[in-house]
Every structure is written in structure tokens, then in C-alpha cells.
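Asks: Have a look at the structure that comes next, please.
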Amino acid sequence: MEINKELQNNATEYSMDAIKYICSSLPPRESGSDGERQAQEYLKKEIAENNWADSAVIEEFPVASKAFMGFSKIIPVLVLAGILFYALRVVWAPLVMCLISLIIFVAEFGLYKQFLDPFYKTTTSSNLIAVKNPLNTPMKRIIFSGHSDAAYEWTVFNKFGKTAFIGGLALAIFGILTSLVFSIISISAGFKWWMFIVMLCFLPGYIALFLFSNYKKVVPGANDNLTGSLACVSVLKYLKEAGTALEDTEVMVLITGSEEAGLRGAKAFAAAHKTECKTLPTMFIGLETFRDLQHMTNYVKDLSGTVKHHPEAIALIDEAAEKVFGKPLPHGSIFLGASDSAALTQAGIKAGALAAMDPGPAEYYHTRKDHADNLSPECFGKGVEMALTILDIYSKK
């Protein structure tokens, strides 16, 4: 498939306008919100009215939207409670509170388990699924996916920048470990005032952690991840306008909800469609933020580095990059956090992830700076070209 640059540019221009419309005219898109759903309904209408796909449906699932980041509120309270009890000569209190805190952090944020969900209010989230059928009986399927929801703002990062943000979190983590060790020592050596004072010295870190997410402020999410979502839609738009018909490859676009709540939409999709994705050979390519072209990366590891994506998906992205850029993209690992691709890989479905964002993190990441005036049409266009090239290679294998 020779990519028509004019049609590719038209898809980019359309997508930039669509992102601006969603950010300016629809409600904020926190996980499980009316805004998230309206964005999916808008994209579904665009797909249906333009006949870019043969079907488009929305599937619902329950979500506790505030549970995922709940650790940032709960852990500081637990640790400070342990320190205060230590002052009352309950020397084992920091040990217990710190261990509980570490369990919560690893389970909820490190491994994306639904650990705190039972303690939070549940709402309804959804996934948009659009399918373009091949000319003949489908022999394989490729899924391009982005997410329509946006994150709660990271307060410290937005107000004070990367150094204060990372420093505050590091101080909190070091403080928790220090309190844990001091508590263990005090169980045998007894209460020590100097240990209590040292434990209190980490209070700024606990405050920074408590202020990690602002539940009252939802960021615009123009780049993260309306760019990924519209890149997926652009694939369907391009195929229709180019008159490209695939012989035996089904093309699916999945716009998930509640990715920012711990990959809940991707997990719901994997649970509902795992069997059919095993019956018909399926490849999942997650498209996650196309903003910083110099940082476009083939993410081979996900979920804080604990999940390795399928070798075939990694090789497929590499082969596409050879055609688009003349060389493979850098291989990367999501050090802290995850993409929807992790949920599919965990479900046993072949998956890979493509993203173009400064892992520093970028100054707009999860802040109000992620607005529609901060887009990169050039980077987005390359993301679409990568997706179309991936599709072309996969359909011919």
C-alpha cells in the first residue's frame, strides 16, 4: 500500500480539528464521566456517518474512577498516623502502617490491581469498538487503540515543575523506608526521640504525595490521549477515502475509557473479547500520545517494566519504522506506569505499544498544559503513517 500523502495530511488536519472540538466543546473527560462518554459518542457518530467502518458499538463496564490514584491520599495519612503513634510509645505502629502503605502502592500503582476499588464510588465507563471488515472471510485481525479519558492534574508537577515533583516523591518513599527501619529497631531498642524527629523531617514528602492528584481538576488531555484516539480513527478514514480494501484482515479500532483509572477499559475489553481474539489471530497496537517526534519509541516493556510485549508486535513496529524513518525506533520501557497494551499482553493477546512523548516526563503530562494549542501536527502525522505502515505489513503477512 503506497501511502497517499494528501489523504494522510487530510487525516491529520481533520484530527487536529476534532481534538480542538472535543477539548473546547465537550465536558472534562475524567474516567467514567459524561465527558468521556460524549467524546466516544462523537467519534462513533463521525465513523458511522462517514462510513469509515462497517460497525461501531459502545460497550459499558463499571469503574471506580478515583480508586487508582487513591494511594496518594491514603498512604501519607497512614504513615503519619504511624509516626504519631510512635510518639505515644507504640513503636511498632510505623512498621505496620508502612507495610500496609507499601502493599497498597505495589498492588494499586505498581501492578494496576483493583485493590482499592471496593472502597470507592462506582460509575459507568465505556469502550468504543469500530470494525472494518475485509473483502473475504477474515483470517486475522489488527486492533489500533487509544483512550478517550483524561487524567486528574498532578498538582505539584504543574505548579513547581519536574524537580520538585520527583524530589517530593523520592522524599516520601525514602521517608517511608526510614520509618519502617526505625520502627523495627525500636521494637527491640525502645522509643528514641531522635528517631521520631527524623521521621517528621520527611513531612514535606508526604504533603507532596497527598497533593499528587487534584480530583477537582481534569486536564484537557489533547495529547494524552486524544492524539492516539484520533490516529486510530484516521486509519479508518484513510482506508475509506483511499478506497483500500484488505483481502482477509479485519481492522478494529478500540477507543477505551478509564485508562487513567488503571487500564480499566482495556482490562474490560480483554475480559469480554479474549476468546474471539484467540480464535481469530489478533494483533493489538496501542497508540499513546503523539507529541514529541524525537521521542517516538517502540515500547517493548510495560506496566513499570514488569510486562514484556510480544516479539511479533515489537518486530512489526520495527519493520514499519524501517520504512517510515529508515531505521527501527528506540526500544523503551515504561518505567513507572502503564499503557493499555499491558492489559492485552497480560490477557495473552499479542500486543505492542507506540508512543512519542518525552519520558522526562513532558511538562504537559497530566497538567493543564496538555491543551489543543499544544499539539504537534508533524508528530501526529508520523504516528498515522506508522499505523498505516504497520497495517500494510501485517495485512500482507
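The values are calculated or read from the model by the stated rules, or taken from the named source; none is laboratory data. Computed from a prediction, not measured in an experiment: that's the story for all the values here. Neighbour counts are summed over all protein chains in view; Cβ atoms, including those assigned to glycine, are modelled from backbone coordinates with ideal geometry.
Asks: SER148: at pLDDT 95 or above, touching an Asp or Glu at 6+ places or on another chain (Cβ under 7 Å) and of a type in the set (S, T, N, Q), yes or no?
Replies: The answer is yes for SER148.
Asks: Here is a follow-up. Does GLY190 satisfy being over 21 Å from LEU102 (Cβ atoms) and of a type in the set (Gly, Ala, Ser)?
Replies: yes
Asks: Among the listed residues LEU236, LEU180, LEU209, identify the single one that is in a helix (DSSP H, G or I), closer than 30 Å to ALA338 by Cβ, among the hydrophobic types (A, V, I, L, M, F, W, C) and assigned by TED's automatic domain parsing to the domain that holds GLU30.
Replies: LEU236
Asks: Then there is this: Which number in (1) closer than 15 Å to GLN346 by Cα; (2) in contact with a helix residue (DSSP H, G or I) (Cβ under 9 Å, 6 or more places away or on another chain) marks the one condition that ALA272 misses?
Replies: All conditions pass for ALA272, except number (2).
Asks: So, of the residues in segment 346-356 that are buried (at least 24 other Cβ atoms within 10 Å of the Cβ) and more than 11 Å from the chain's Cα centre (by Cα), which turns out to be farthest from ILE390 (Cα to Cα)?
Replies: Only one residue tops the list, namely ALA356.
Asks: Step by step: first the residues of segment 327-341, then only those that are among the aliphatic types (A, V, I, L, M) and within 15 Å of the chain's Cα centre (by Cα), then the one that is surrounded by the most Cβ atoms within 10 Å (Cβ to Cβ). Which residue is that?
Replies: Once the filter is applied, the top-ranked residue is ALA338.
Asks: State the number of residues belonging to segment 365-397 that are buried (at least 17 other Cβ atoms within 10 Å of the Cβ), in a helix (DSSP H, G or I) and out of contact with any helix residue (DSSP H, G or I) (no Cβ under 7 Å at 6 or more places or on another chain).
Replies: Result for segment 365-397: 2.
Asks: Further, regarding this structure: Taking the options SER15, SER31, name whichever one is touching a Pro at 6+ places or on another chain (Cβ under 9 Å), closer than 25 Å to PRO220 by Cβ and buried (at least 22 other Cβ atoms within 10 Å of the Cβ).
Replies: SER15
Asks: Give me the pairs: first residue in segment 370-397 and over 30 Å from LYS217 (Cβ atoms), second residue among the basic types (Lys, Arg), beta-carbon distance under 6 Å, and six or more apart or on different chains, which are they?
Replies: THR389/LYS323
Asks: Do we have PHE105 as assigned by TED's automatic domain parsing to the domain that holds GLY190, at pLDDT below 95, over 30 Å from LYS240 (Cα atoms) and not charged (D, E, K, R) here?
Replies: yes
Asks: Here's something else I'd like to know. Being in contact (Cβ under 8 Å) with a residue 24 or more places away in the chain and more than 30 Å from LEU26 (Cβ to Cβ) narrows it down to one residue among PHE165, PHE157, PHE191, PHE212; which is it?
Replies: PHE191
Asks: Here's another thing I want to ask about it. What number goes with the only condition from (1) under 19 Å from the mean Cα position of the chain (by Cα); (2) closer than 27 Å to LYS397 by Cα; (3) not polar (S, T, N, Q) that GLY221 does not pass?
Replies: All conditions are met except number (2).
Asks: Restricting the search to segment 303-329, which residues are free of Cβ contacts under 8 Å to residues at least 60 places away in the same chain and under 30 Å from PHE68 (Cα atoms)?
Replies: GLY305, VAL307, LYS308, HIS309, HIS310, PRO311, ALA313, ILE314, listed by residue number.
Residue-wise test of (1) more than 30 Å from LEU88 (Cβ to Cβ); (2) surrounded by 17 or more Cβ atoms within 10 Å (Cβ to Cβ).
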{"site": "PHE196", "(1), (2)": "no, yes"}
{"site": "LYS216", "(1), (2)": "yes, no"}
{"site": "LEU226", "(1), (2)": "yes, yes"}
{"site": "SER229", "(1), (2)": "yes, yes"}
{"site": "THR249", "(1), (2)": "yes, yes"}
{"site": "GLY262", "(1), (2)": "yes, yes"}
{"site": "GLY265", "(1), (2)": "yes, yes"}
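This table checks each residue for (1) farther than 28 Å from GLU2 by Cα; (2) in contact with a strand residue (DSSP E or B) (Cβ under 6 Å, 6 or more places away or on another chain); (3) without any contact (Cβ under 8 Å) to a residue 60 or more places away in the chain.
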{"site": "ASP224", "(1), (2), (3)": "yes, yes, no"}
{"site": "ALA266", "(1), (2), (3)": "yes, yes, no"}
{"site": "ALA270", "(1), (2), (3)": "yes, no, no"}
{"site": "HIS273", "(1), (2), (3)": "yes, no, yes"}
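Asks: Would you check which residues across segment 43-53 are surrounded by 17 or more Cβ atoms within 10 Å (Cβ to Cβ), of a type outside the set (Asp, Glu) and assigned to a helix (DSSP H, G or I) and list them?
Replies: LEU43, LYS44, ILE47
Asks: I'm trying to understand the selection: among the residues of segment 54-91, which are hydroxyl-bearing (Ser, Thr, Tyr), more than 30 Å from LEU246 (Cα to Cα) and not in a helix (DSSP H, G or I)?
Replies: SER65
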